[in-house]
């Protein structure tokens, strides 16, 4: 690659992609006027950089200085016209929908809402950076061949026995899993946990939601927690609370190591994914990921097929987890009126042609 080509910004892949001296940043928006990437140093000081280029609906730029461990978010500027479905608010720090790791949680105060909570049609100018989590740039490398190459079991469907398991609940209660890794991906990869699964005779584990999710404000007010995880906020990021390494980026390598250990024991890995349970909730919801930037103003917020987009987010998510995390399938739930449908998507044939 020539020096000029190395510095050239591209509209793909979406999210942050490390390159020599920095990163290519690409954020999709049909309605924004401008998109900023905001990086934070160790003291929390913020540096904002406007993405200088636009290709179609993707804002992008080569941003120097971004490296593994960089904490960041995005801000989206544009029209405030709630009646037209436009609620851009540059004062709100948003998550990159394609972030691979997310650190921290939300302070459910006025700051995280784009509108005035007492008057939903009114714009709120409070800056939200102190009340929101950060995206973390992670190291994409992982030695899948260390010790022995990772090989997907590819058990025939007719011989498959699926065991649904909650990563934290299962390992937190297992007496033979060391205390320091209970409740984590490392705990599920421990020989004692794997032996329990193989002794049962199962051939695959279906993990209840392991994508980054948030704690519901109404539960926190009661001193409770969201146990099940059906409140996803980052479909490309393993949930940080399930990592013994913490949520500062180490959760990605720990998740990959878990998949490799399960594969080595002959166990396939299936992810339980729900695309219409996201943390925004209602129309007048808090500003979590870049909802205002990623969806057309006339489309309801739902991570399924949009009538004005050509790529189904679940296809992009499935292929990303399959190639980067080596999982085998996803078990996807979607609500359709009063009905509920489920389907399994094999990584080996995803996306469908």
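Some points to look at:
- Applying 1/(1 + (r/R0)^6) with R0 = 30 Å to the Cβ-Cβ distance of residue 228 and residue 83 gives a FRET efficiency near 0.25.
- The ranking of 71, 7, 225 from fewest to most other beta carbons within 10 Å of each one's beta carbon is 225, 7, 71.
- Computed extension gain for residue 125 through residue 264, at 0.36 nm per residue and net of the alpha carbon distance, reaches 44.8 nm.
- Computed lengthening from residue 117 to residue 33, 0.36 nm per intervening residue step minus Cα-Cα distance: 27.8 nm
- Modelled FRET efficiency - R0 41 Å, residue 50 with residue 158, Cβ distances, 0.05 increments: 0.15
- Residue 215-residue 198 pseudo-label distance in nm [points 7 Å out on the Cα-to-Cβ vector]: 3.7
- Rounded Å value of the spacing that divides the Cα centres of segment 142-201 and segment 224-258: 16
- Gain in span if fully extended, residue 180 to residue 68, counting 0.36 nm per residue against the direct Cα distance: 37.8 nm
- Counting neighbouring Cβ atoms within 10 Å and putting the fewest first, the residues 123, 235, 255 line up as 123, 235, 255.
- Which of 243, 141, 9 has the fewest Cβ neighbours within 10 Å, and the rest in rising order: 141, 9, 243
- Seen from all directions on average, segment 3-136 presents a Cα convex hull projection of 8.3 nm².
Each reported figure results from applying straightforward, stated rules to the coordinates on display, with no laboratory input. All values derive from a computational prediction rather than experimental measurement. Virtual Cβ from ideal backbone geometry, glycine too; neighbours counted across all protein chains shown.
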